[in-house]
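The values are calculated or read from the model by the stated rules, or taken from the named source; none is laboratory data. This structure is a prediction, so every number in the text was calculated from the model and none was measured. Reconstructed Cβ throughout: ideal geometry from the backbone, glycine too, with neighbour counts over all protein chains shown.
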């Protein structure tokens, strides 16, 4: 091994100081005879060390409080508990005032506001997509034939008035929907398909926190746009490129945003 | 969550912040990346391969988030110099040097840049770096060689002023 010719791999491992002693000695002997290579290798090692040195202070900084695992885990627990509370409150409100008390309940709740976790919503949406979009026999629980019944049912279980966005402009028809456990509260999944059999889902669940901009998440071949608005997390997922999915997600956002707001007060 | 899991994750945070900072070249954005990464790690913990390498798993999550965000924004401003510790003359020099070094690194394709950081700064083995980047392990050395060659050319071409300060 010691006598094998020196190759580029040896030189790279030499730069990284990852050669065993005999091989390192062989490389050093080679470099002594090839000053041009030696110069190049020295430059590469210098640049490697420079990057390490310059970035070391970042490593040495104390961890900011908001990144500590205790903080993140507590926010996560709080968010889950919050979802239970709001879901329970919303169910009561739904019965009492057909949803009219929803936002009032949100506003008066004195709970601390944990940070929104759109990426957790994206994960749940992706998991739901991968589970049901490939389902041939029973992709949905309730078919779109009776859309009014479907939306009333999901709205009631979710505690939030839902409408199904019209995506026919993008070639997608509503197939139906299903109810899912999202984290620890209820979540709804609406599924659409197009003439090529491509499936797209809109995943909705209660989520604490302030409104966020669109966030993009890619998981294997599944792309998701996720956002939080009015205490709900929304995720649009499909096996599509980011560019294809973005206008559809924007259309969903616009349609949900312009839906008549729930009656307030009286 | 059990204590042990929390401390295992937390031990990786300084390195994740360093890698994120080198990618994003901006402290606030870097910490957003780290936070997203940790939140995903917590929510996906049960999906993790039990025998997998925790550090490589976390770095892969962070890197994917960066790549996705990068495609979203294409090009951001670079506030490295203003962002680093500029309270002392030595600190200013260092901040400028770091800014220049990261600017040079940023001229490389993201994969080459990540490879140099993972191997050269984070001390990932060649196999671990391949896992994070999703590339065949057998191609790491040749990719590394190309990345170092390219960085050397950038630094020697004077496209960034760094060379003048490096002995």
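Testing residue A:181 on (1) under 18 Å from the mean Cα position of the chain (by Cα); (2) in contact (Cβ under 8 Å) with a residue 60 or more places away in the chain; (3) surrounded by fewer than 20 Cβ atoms within 10 Å (Cβ to Cβ), one condition comes back false. Which one is that? Of (1) under 18 Å from the mean Cα position of the chain (by Cα); (2) in contact (Cβ under 8 Å) with a residue 60 or more places away in the chain; (3) surrounded by fewer than 20 Cβ atoms within 10 Å (Cβ to Cβ), only one is false for residue A:181: (2). The helices (runs of 4 or more DSSP H) located wholly in region A:1-63 that include 3 or more residues which are away from chain B (no Cβ under 12 Å) occupy A:21-33, A:35-60. Say we look at region A:149-172 and pick out the residues that are farther than 25 Å from residue A:207 by Cα and out of contact with any strand residue (DSSP E or B) (no Cβ under 6 Å at 6 or more places or on another chain); which of these is surrounded by the fewest Cβ atoms within 10 Å (Cβ to Cβ)? Checked region A:149-172; the qualifying residue surrounded by the fewest Cβ atoms within 10 Å (Cβ to Cβ) is A:169.
Hey, any hits in region B:8-27 for a residue that's out of contact with any strand residue (DSSP E or B) (no Cβ under 9 Å at 6 or more places or on another chain) and at pLDDT below 85? There is no residue in region B:8-27 that is out of contact with any strand residue (DSSP E or B) (no Cβ under 9 Å at 6 or more places or on another chain) and at pLDDT below 85.
This table checks each residue for (1) crowded, with 19+ Cβ neighbours inside 10 Å; (2) within 30 Å of residue A:154 (Cα to Cα); (3) modelled with pLDDT of 95 or more.
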residue	(1), (2), (3)
A:4	no, no, no
A:30	no, no, yes
A:38	no, no, yes
A:53	no, no, no
A:84	no, yes, no
A:93	yes, yes, no
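Within region B:21-36, take every residue that is more than 9 Å from chain A (Cβ to nearest Cβ) and in a helix (DSSP H, G or I) and give me the one that is surrounded by the fewest Cβ atoms within 10 Å (Cβ to Cβ). In this case the residue turns out to be B:28.
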